[in-house]
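Below is one structure, written out as structure tokens, with a few remarks after it.
The values are calculated or read from the model by the stated rules, or taken from the named source; none is laboratory data. If you're wondering where the values come from, they're calculated on a predicted model, not measured in any experiment. Please note: Cβ atoms are built from the backbone with ideal geometry, for glycine as well, and neighbour counts cover all protein chains shown.
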């Protein structure tokens, strides 16, 4: 079954996963992941998107971001993959594609579904049994979201779901730690994976209706029908 076409509009939130070509490792040492984060910050400034969560695994990356009118998700990912591909091939004296041909993405609503996507992303190292504690993994956004210190990379103060967690930043961070301590169950895991596989939508029905009301309607293909005189 083919994938759905991606829907683009300013303000949309996407959960993105990009894998190495043939699922090969794309980060061979920690310096590689640090360089990817530098690229991510560079294009975050260029395309003015908001970043809510990320996780850099050995052979794939997860990103959760809200796009602006300055760049579509496809443009953002093209810039990121080309920049890292060029750097990787230079560093390791290799050639060819580092990434697979097409990244996966799903649209996410800015309510409890956004929290679930953040759990899915930041709990990846736990599910892969790479660490015993979520805070021990160095290359995810968990520690940036869970502690009050300011970050240039994560837009905690613009995350609508995060802002509902408490009356101030320390309270919100403490509540976030508690939320992240609860593992996602099998049904939620399957639902997130299914929407990523199909470039689908991971959102509440109420949000879906609100979004459909503000999006421009598609024009019918072909010539407009002639008016029929009474």
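Contact list please: Cβ distance under 8 Å, first residue in segment 68-81 and free of Cβ contacts under 8 Å to residues at least 60 places away in the same chain, second residue assigned to a helix (DSSP H, G or I) and surrounded by fewer than 16 Cβ atoms within 10 Å (Cβ to Cβ), pairs at least six apart or on different chains.
70/46; 71/46; 79/46
Read through the list (1) modelled with pLDDT of 95 or more; (2) crowded, with 21+ Cβ neighbours inside 10 Å, then give the number of the only condition that residue 103 fails.
(1)
Name the one entry in 146, 161, 117, 83 that is in contact with a helix residue (DSSP H, G or I) (Cβ under 9 Å, 6 or more places away or on another chain), closer than 17 Å to residue 33 by Cβ and buried (at least 17 other Cβ atoms within 10 Å of the Cβ).
Values: 146 fails: closer than 17 Å to residue 33 by Cβ; 161 fails: closer than 17 Å to residue 33 by Cβ; 117 fails: closer than 17 Å to residue 33 by Cβ.
Exactly one of 146, 161, 117, 83 is in contact with a helix residue (DSSP H, G or I) (Cβ under 9 Å, 6 or more places away or on another chain), closer than 17 Å to residue 33 by Cβ and buried (at least 17 other Cβ atoms within 10 Å of the Cβ), namely 83.
Can you tell me which of 211, 172, 183 is surrounded by 12 or more Cβ atoms within 10 Å (Cβ to Cβ), more than 18 Å from the chain's Cα centre (by Cα), under 26 Å from residue 104 (Cα atoms) and modelled with pLDDT of 75 or more? Don't jump to the end; show me each part of the working.
Working: 211 fails: modelled with pLDDT of 75 or more; 172 fails: under 26 Å from residue 104 (Cα atoms).
Only one candidate qualifies: 183.
Anything in segment 66-98 that is outside any helix (DSSP H, G or I) and in contact with a strand residue (DSSP E or B) (Cβ under 6 Å, 6 or more places away or on another chain)? List them, or say none. Can you show your working first?
Residues of segment 66-98 outside any helix (DSSP H, G or I): 66-72, 93-98.
Within segment 66-98, just 66 meets the criteria.
Among 28, 7, which is over 17 Å from residue 138 (Cα atoms), part of a loop (DSSP other than H, G, I, E, B) and in contact (Cβ under 8 Å) with a residue 24 or more places away in the chain? Steps first, please.
Details: 28 fails: over 17 Å from residue 138 (Cα atoms).
Testing whether each residue is over 17 Å from residue 138 (Cα atoms), part of a loop (DSSP other than H, G, I, E, B) and in contact (Cβ under 8 Å) with a residue 24 or more places away in the chain leaves just 7.
Answer yes or no as to whether residue 167 is in contact (Cβ under 8 Å) with a residue 24 or more places away in the chain and either buried (at least 20 other Cβ atoms within 10 Å of the Cβ) or out of contact with any strand residue (DSSP E or B) (no Cβ under 8 Å at 6 or more places or on another chain) (or both).
On the way: in contact (Cβ under 8 Å) with a residue 24 or more places away in the chain: no; either buried (at least 20 other Cβ atoms within 10 Å of the Cβ) or out of contact with any strand residue (DSSP E or B) (no Cβ under 8 Å at 6 or more places or on another chain) (or both): yes.
Considered against the rule, which asks whether it is in contact (Cβ under 8 Å) with a residue 24 or more places away in the chain and either buried (at least 20 other Cβ atoms within 10 Å of the Cβ) or out of contact with any strand residue (DSSP E or B) (no Cβ under 8 Å at 6 or more places or on another chain) (or both), residue 167 comes out as no.
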